[in-house]
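What follows is a set of notes on a single structure, which appears directly below.
The values are calculated or read from the model by the stated rules, or taken from the named source; none is laboratory data. Note that the structure is a prediction, hence the values are computed from the model and not measured. We place every Cβ from the backbone using ideal geometry, glycine too, and count neighbours over all the protein chains shown. To get the accessible areas, we keep the full protein, side chains included, count just its heavy atoms, and leave off ligands, DNA and RNA. Shrake-Rupley method; radii C 1.70, N 1.55, O 1.52, S 1.80 Å.
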Amino acid sequence: MIVVLYNMTFSESSTIKSLNKLLTSNNFPEIKRVWLFDNSQHANEPENLDERFLYYHSSKNVGLAQAYNYALKQRGEETEWLVTLDQDTTLTNEYLVELITASHNLPQTVAAIAPIIKDNEQQISPVRSDTLRPLHTELPKKGQTYSQDIMVINSAAALRTSFLNEIGGYNVEFPLDYLDHWLSWRIFTEKKQIKILLHELQHQLSVLDYANQMNFSRYQAIIQAEKCYYSLYDKKLFSQYRRQLLLRGCKQLLTGKFNYGKMTFKFLFSGGNNGNKGTKAN
């Protein structure tokens, strides 16, 4: 397992608090180690955690892809699955029990296992990936195995390590945003499957709270990642994505978000500062 931290201490993380409680009370010997990969500016060594927690502080904020690749390289030879976790997902005993049971019984065609993830009552994972408005269409169902057209977020997803090694690990073109889109897309292009568990978890998704969580630099990072994804990888949606950018930019200008609107149109017409930085599809 790996938990990635940013500007949050281990004692503030709902993921670490819930996981530590589960490990100390129910043991779960199948979980051999839990890496805490800290992207924060200052190191904050954890205390009073289960002995399986291992701490690593990065000298700079490298995002998710490099952190996950670090855990992939550090894993033991016996490790068949890598569970990736954000800092603000509340884990449950039922989730771990079902995940561990499923990991022993699924065919090799299944490359990923993921629970239903909700932000309050809104299901945010899995969602359909064949549309640009995934929250406005019929959502994928729990307990199903999918071979196409869904996306699962990184947090609480378990990835088969043999598959990750086959594809060269996580794509560092997506250090944070759209890494989950790319990975789900890559699973299906390799003719693999994603298993959705029955149990649900709660997770706070910052991009849903546009007013309080979004700032200009964050928006620039998101639009750069989505442009890269739709222009180099999921190309079948690229024309729809360009139309969406046009509508989004017009709405931003009309509502007084001029800097955001200018940035959107820059990416629409010229790729932005690094909108076309990718040169090949991994």
Hits in segment 96-130 - residues which are without any contact (Cβ under 8 Å) to a residue 60 or more places away in the chain, out of contact with any strand residue (DSSP E or B) (no Cβ under 9 Å at 6 or more places or on another chain) and closer than 26 Å to residue 248 by Cβ: 121
Going residue by residue through segment 59-82, is there one that turns out to be over 16 Å from residue 154 (Cα atoms), open to solvent by less than 60 Å² (accessible area, probe 1.4 Å) and assigned to a helix (DSSP H, G or I)? no
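Name every residue in segment 38-66 that is of a type outside the set (S, T, N, Q) and out of contact with any strand residue (DSSP E or B) (no Cβ under 7 Å at 6 or more places or on another chain), in order of residue number.
Applying the first criterion (of a type outside the set (S, T, N, Q)) to segment 38-66 yields 38, 42-43, 45-47, 49-57, 60, 62-65.
If the condition is that a residue be of a type outside the set (S, T, N, Q) and out of contact with any strand residue (DSSP E or B) (no Cβ under 7 Å at 6 or more places or on another chain), then 42, 47, 49, 50, 51, 60, 62, 63, 65 are the ones that fit.
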Tell me the residue from 241, 178 that is under 30 Å from residue 80 (Cβ atoms), of a type in the set (Phe, Trp, Tyr) and either at pLDDT 95 or above or surrounded by 14 or more Cβ atoms within 10 Å (Cβ to Cβ) (or both), please. 178
Of all the residues that make up segment 83-95, how many are crowded, with 22+ Cβ neighbours inside 10 Å and in a helix (DSSP H, G or I)? 0
Checked against (1) under 26 Å from residue 230 (Cβ atoms); (2) part of a strand (DSSP E or B), residue 115 satisfies every condition except (1)
So, of the residues in segment 1-57 that are without any contact (Cβ under 8 Å) to a residue 40 or more places away in the chain and of a type in the set (Lys, Arg), which turns out to be surrounded by the fewest Cβ atoms within 10 Å (Cβ to Cβ)? 21
The lone exception for residue 145 - which of (1) open to solvent by less than 70 Å² (accessible area, probe 1.4 Å); (2) closer than 15 Å to residue 181 by Cβ; (3) free of Cβ contacts under 8 Å to residues at least 60 places away in the same chain it fails: (2)
Pick from segment 188-225, criterion charged (D, E, K, R) and modelled with pLDDT under 95, ranking: surrounded by the fewest Cβ atoms within 10 Å (Cβ to Cβ): 209
Could you pull out the residue among 98, 166, 138 that is open to solvent by 30 Å² or more (accessible area, probe 1.4 Å), within 27 Å of residue 25 (Cβ to Cβ) and out of contact with any Asp or Glu (no Cβ under 6 Å at 6 or more places or on another chain)? 98
Within segment 1-31, work out how many residues are charged (D, E, K, R) and over 22 Å from the mean Cα position of the chain (by Cα). 2
